[in-house]
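The values are calculated or read from the model by the stated rules, or taken from the named source; none is laboratory data. Everything numeric here is computed off the predicted structure, so don't read it as measured data. Note that each Cβ is placed from the backbone with ideal geometry, even for glycine, and that neighbours are counted across all protein chains shown. What goes into the accessible areas is simple: the full protein's heavy atoms, side chains included, and nothing from ligands, DNA or RNA. Shrake-Rupley method; radii C 1.70, N 1.55, O 1.52, S 1.80 Å.
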Amino acid sequence: MRESDQGESAAIPELVIISGMSGAGRSTAAKCLEDLGWFVVDNIPPELIPPMVELGARSQGNVARIAVVVDVRGRRFFDNLKASLATLDAQNVKRRIVFLESSDEALVRRFESVRRPHPLQGDGRIVDGIAAERDLLRELRGDADLVIDTSSLNVHELRAKMDAQFAGEEVPELRATVMSFGFKYGLPVDADMVIDCRFIPNPHWVPELRPFTGLNEEVSDYVFNQPGSKEFLDGYAELLRLVAEGYRREGKRYVTIAVGCTGGKHRSVAMSEKLARRLVSEGVETVIVHRDMGRE
């Protein structure tokens, strides 16, 4: 093999094919891999998998791991899956098939809870669709490298199983958004936790500080020289450290922390900046958003 061929071979992405019963957790499994840094494509026709892997190999390492979801929505393509797998094997692609399984009772319960029909039930019952899908996927299930029965698993337990298989020794990343806001403009609807800084004296009432924001050193110094401010930051940072560890254990990857004051200009901005730095020091990938700064 030529040296250039060896380079191309080394660049071939790792591939995981996710399939299984509708309602068994394919989307959760795919989302877990996405959070672990995989490039994920949902409901791709099987004949397009080899070209996608080839494109990934040309990405110079930018797409090192690809996960594709193949399900009954693309059932007319299943005849091509075996040929695509043979092509991948000939190209020495490292591939695995993950099959999500579940009992009929659990699947019926899940479809009834969301009041959606099974994609294969047609004019029949949910159980008819499940039976048709099992028959369609029987051969693929037999070829699977990993079968996960989700009958008695919740979302967090499924994510933990996927992490155990694919995260390796890496600790799944937690990504945080720290958002300052003003209570007078309303609570952020997507906040997981809300911090209230209104117990700190308001720099708005200090004439020389009023034009500035919490991004200015003068305002930040004023805020953290007030009684209880530093202790509040230290205590909440410690609380968030414990919460972050729990989120990682439970498979939660994203958290939004809303830090509020009256107008979202001074106290909440200064506190958000300091809190974000603490999270970064704890290894949490953090984005800062000042939602209401400049609205006055």
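A compact table of results
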item: Residue check, VAL259 within 22 Å of PRO188 (Cβ to Cβ), open to solvent by 40 Å² or more (accessible area, probe 1.4 Å) and not acidic (Asp, Glu); result: no
item: Test result for GLU139, open to solvent by 60 Å² or more (accessible area, probe 1.4 Å), at negative phi, modelled with pLDDT under 90 and more than 28 Å from the chain's Cα centre (by Cα); result: yes
item: In region 221-278, the residues that are closer than 30 Å to ALA30 by Cβ and of a type in the set (Val, Ile, Thr); result: VAL243, VAL255, THR256, ILE257
item: Every pair of residues 6+ apart whose Cβ atoms lie under 9 Å, when the first sits in region 112-141 and is among the polar types (S, T, N, Q) while the second is surrounded by 18 or more Cβ atoms within 10 Å (Cβ to Cβ); result: GLN121/PHE111; GLN121/GLY129; GLN121/ILE130; GLN121/ALA132
item: All positions within region 28-60 that are open to solvent by 50 Å² or more (accessible area, probe 1.4 Å), farther than 30 Å from ARG134 by Cβ and part of a loop (DSSP other than H, G, I, E, B); result: GLY37, ARG58, GLN60
item: Condition check for ILE126: under 29 Å from ALA11 (Cα atoms), touching a helix residue (DSSP H, G or I) at 6+ places or on another chain (Cβ under 8 Å), open to solvent by less than 60 Å² (accessible area, probe 1.4 Å) and assigned by the TED database to the domain that holds THR28; result: no
item: GLY228 more than 22 Å from PHE181 (Cβ to Cβ) and open to solvent by less than 50 Å² (accessible area, probe 1.4 Å); result: no
item: Flag for PHE181 being open to solvent by less than 30 Å² (accessible area, probe 1.4 Å), within 30 Å of HIS266 (Cβ to Cβ), touching a residue at least 12 places away in the same chain (Cβ under 8 Å) and within 26 Å of the chain's Cα centre (by Cα); result: yes
item: Filter result for GLY25 (in contact with a strand residue (DSSP E or B) (Cβ under 6 Å, 6 or more places away or on another chain) and open to solvent by 10 Å² or more (accessible area, probe 1.4 Å)); result: yes
item: Exclusive hit being open to solvent by 80 Å² or more (accessible area, probe 1.4 Å), modelled with pLDDT of 95 or more and not hydrophobic (A, V, I, L, M, F, W, C), set GLU170, GLU208; result: GLU208
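One line per residue, one yes/no per condition, for (1) within 18 Å of PRO46 (Cβ to Cβ); (2) at pLDDT 90 or above; (3) surrounded by fewer than 16 Cβ atoms within 10 Å (Cβ to Cβ):
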| position | (1), (2), (3) |
| --- | --- |
| PHE77 | yes, no, no |
| SER84 | yes, no, no |
| VAL98 | yes, yes, no |
| SER103 | no, yes, yes |
| ARG109 | no, yes, yes |
| SER113 | no, no, yes |
| GLY122 | no, no, yes |
| ALA132 | no, no, no |
